[in-house]
1. Restricting the first residue to the range 125-151 and requiring it to be within 13 Å of V12 (Cα to Cα) and without any contact (Cβ under 8 Å) to a residue 24 or more places away in the chain, which pairs with a second residue that is in a loop (DSSP other than H, G, I, E, B) and open to solvent by 50 Å² or more (accessible area, probe 1.4 Å) meet a Cβ separation below 9 Å and a spacing of at least six or different chains?
2. Sort out which residues of the range 136-166 are open to solvent by 50 Å² or more (accessible area, probe 1.4 Å) and farther than 24 Å from D25 by Cα, and write them in order of number.
3. From the list D5, D15, which one is at pLDDT below 95, among the acidic types (D, E) and under 19 Å from V126 (Cα atoms)?
4. Residues that are at pLDDT 85 or above and in a helix (DSSP H, G or I): does the range 101-116 have at least one?
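The values are calculated or read from the model by the stated rules, or taken from the named source; none is laboratory data. Note that the coordinates shown come from a computational prediction; the quantities given were computed from them, not determined experimentally. Cβ coordinates were reconstructed from backbone atoms using ideal geometry, including for glycine residues, and neighbour counts include every protein chain displayed. What goes into the accessible areas is simple: the full protein's heavy atoms, side chains included, and nothing from ligands, DNA or RNA. Shrake-Rupley method; radii C 1.70, N 1.55, O 1.52, S 1.80 Å.
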Amino acid sequence: MSNSDRTRLVVVGVDGSTDSLHALDWAAGEAARHDLELRLVNAYQPVLGGLPAVAVALPEATEESERILAHAQSLVASSHPELAVSTLSAEGPAPRVLLDASKRAKMLVVGREGLGRFAELALGSVSQACASRSTTPVAVIPAAWEPPAEPYGRIVVGVDGSANCQAAIQYAFETASDRGAELIVVFAWHQPTRWPEGWPLTS
């Protein structure tokens with residue numbers, strides 16, 4: 001799918017965790033900068049009940065989902081009142097819900113970790129699942145991220161010479177140009193086994 005075929009939409013996953021609020025803040029800034037709509041998405045899980053076991057979405061789960069989205073929407077309204085914001089509450093695993101919601105979006109934004117992180121580590125984290133399976137550009141916002149006091153002065157992109165990194169390179173160039181930032185391209189490699197530390201790899 002070409003960039004022109006995508007809707008003017010940034011999708012961000014929110015679950016009430018600190019990490020997801022960092023992702024929300026970053027996504028709102030990107031959407032506002034590029035005059036895009038921001039969609040807040042929360043996935044909730046049904047519970048098993050009855051005999052035989054049947055997955056049932058309890059009212060409490062949907063109410064909590066709506067509460068999380070309402071709180072997130074109020075935060076965006078305070079920081080970016082001009083931004084168009086919509087919400088989506090959906091039942092199902094977070095990766096599936098987020099991937100479905102962002103199929104035609106410009107970008108999907110998620111936090112590095114969320115609630116229930118121990119279960120996620122056993123199954124593969126939401127951020128990892130989204131980044132590895134999405135056809136949409138994915139931004140994973142680390143827990144330590146904070147809004148910068150000054151505009152970004154540097155964009156760093158990692159390359160490995162494969163076709164898979166072309167989209168990252170294109171995004172990095174566009175972002176550096178948009179922000180008037182320096183672009184640094186990084187290529188890393190492993191030294192040969194038993195190669196003496198500090199010795200050059202070329203003569």
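1. From residues that are within 13 Å of V12 (Cα to Cα) and without any contact (Cβ under 8 Å) to a residue 24 or more places away in the chain, the pairs are S127/R112; S127/E113.
2. Answer for the range 136-166, where residues must be open to solvent by 50 Å² or more (accessible area, probe 1.4 Å) and farther than 24 Å from D25 by Cα: G158, D160, G161, A163, N164, Q166.
3. Values: D5 fails: under 19 Å from V126 (Cα atoms).
Only one candidate passes the filter, namely D15.
4. yes
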